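Read the figures in this text as sums done on the coordinates, not as results from a lab. Everything numeric in this text was worked out from a predicted model, so none of it was measured. Reconstructed Cβ throughout: ideal geometry from the backbone, glycine too, with neighbour counts over all protein chains shown.
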Amino acid sequence: MADVANKYPENVEGKFYVDDQCIDCDLCRETAPANFKRNDDGGHSYVYKQPESPEEEALCNEAKEGCPVEAIGNDGASGENS
């Protein structure tokens, strides 16, 4: 389970984030490319834009649910599986 205390500093402010459990598998970037990018130097993903529509929110949640190491967190109050 992602831990907000271990989130990468590149994550933009907001409820979704990626923490240091990320194994750079590319799933989140494939699922929600409008919200996740890769840090090429660090070899991990991060949230570069918080979702701005219900569609983006759904894709971010899908990425969170599909993350094989549970490195994506959602510390917001909205969403089914916050």
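Name the single residue that is farthest from Asn74 (Cα to Cα) among those in region 38-56 being polar (S, T, N, Q) and assigned to a loop (DSSP other than H, G, I, E, B).
Taking the candidates together, the pick is Ser53.
So which residues in region 10-33 are crowded, with 18+ Cβ neighbours inside 10 Å, of a type in the set (A, V, I, L, M) and touching a strand residue (DSSP E or B) at 6+ places or on another chain (Cβ under 8 Å)?
Hit for region 10-33 is Val18, nothing else.
Would you say Arg38 is touching a helix residue (DSSP H, G or I) at 6+ places or on another chain (Cβ under 7 Å) and among the basic types (Lys, Arg)?
Taking the combined requirement at face value, the residue satisfies it.
Return yes when Ile23 is touching a residue at least 24 places away in the same chain (Cβ under 8 Å), among the β-branched types (Val, Ile, Thr) and in contact with a helix residue (DSSP H, G or I) (Cβ under 6 Å, 6 or more places away or on another chain) and no when it is not.
In short, no.
Could you grab me the full set of residues in region 4-28 that are closer than 8 Å to Ala71 by Cβ and touching a Lys or Arg at 6+ places or on another chain (Cβ under 7 Å)?
Listed by number, the residues that qualify are Val18, Asp19.
Restricting attention to region 22-48, which residues are hydroxyl-bearing (Ser, Thr, Tyr) and either under 19 Å from Asp3 (Cα atoms) or more than 12 Å from the chain's Cα centre (by Cα) (or both)?
We begin by selecting, within region 22-48, every residue hydroxyl-bearing (Ser, Thr, Tyr); these are 31, 45-46, 48.
Listed by number, the residues that qualify are Ser45, Tyr46, Tyr48.
Do you know which of the residues in region 36-76 that are in contact with a Phe, Trp or Tyr (Cβ under 8 Å, 6 or more places away or on another chain) and of a type in the set (Val, Ile, Thr) is farthest from Asp20 (Cα to Cα)?
Taking the candidates together, the pick is Val47.
Give just the number: which of (1) in a helix (DSSP H, G or I); (2) surrounded by 19 or more Cβ atoms within 10 Å (Cβ to Cβ) does Glu62 not satisfy?
That leaves (2) as the condition not met.
If you take the residues in region 1-37 that are among the hydrophobic types (A, V, I, L, M, F, W, C) and assigned to a helix (DSSP H, G or I), which one is farthest from Glu52 (Cα to Cα)?
Here the answer is Ala5.
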